[in-house]
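Down below is the structure, laid out as C-alpha cells.
The values are calculated or read from the model by the stated rules, or taken from the named source; none is laboratory data. As the structure is a prediction and not an experimental result, all values here were calculated from the model. Cβ coordinates were reconstructed from backbone atoms using ideal geometry, including for glycine residues, and neighbour counts include every protein chain displayed. Quick note on the areas: whole protein, heavy atoms, side chains included, nothing else; ligands and nucleic acids left out. Shrake-Rupley method; radii C 1.70, N 1.55, O 1.52, S 1.80 Å.
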Amino acid sequence: MPQGTVKWFNRMKGFGFRERAEGNDLFVHKPDVEGTIDEGDTVDYVVGEPPDGRACATNAVPYTPPQPAT
C-alpha cells in the first residue's frame, strides 16, 4: 500500500490533498479516511478514480510505524 504525506486537510469542509512522490497531489474526501488526519501526517492509501476521472486517495489510514519487539 503506498504512503504519502497530508498536504492539507480541512475538517470543516471534509476534504484536502495529500502529496505523492510521483504525479499530482491526490484529493482526499472525509468518507475515504479512517480515523482523523492532519497536515503533515503520513498516511497509507489506495489510488481510486471517482466518476469525474481524476485520481483520488481512498481508504486513507494514518500510518503507525511498527513497534520494536520487547
* Where a residue in the range 9-26 is more than 20 Å from G53 (Cα to Cα) and polar (S, T, N, Q) and its partner, wherever it lies, is outside any loop (DSSP other than H, G, I, E, B) and open to solvent by less than 60 Å² (accessible area, probe 1.4 Å), with Cβ under 8 Å and at least six apart -> N10/G16
* Failed item, numbered, when G23 is tested on (1) open to solvent by 70 Å² or more (accessible area, probe 1.4 Å); (2) out of contact with any strand residue (DSSP E or B) (no Cβ under 7 Å at 6 or more places or on another chain); (3) assigned to a loop (DSSP other than H, G, I, E, B); (4) not aliphatic (A, V, I, L, M) -> (1)
* Taking the condition touching a Gly at 6+ places or on another chain (Cβ under 6 Å), modelled with pLDDT of 85 or more and open to solvent by 50 Å² or more (accessible area, probe 1.4 Å), does K13 pass? -> no
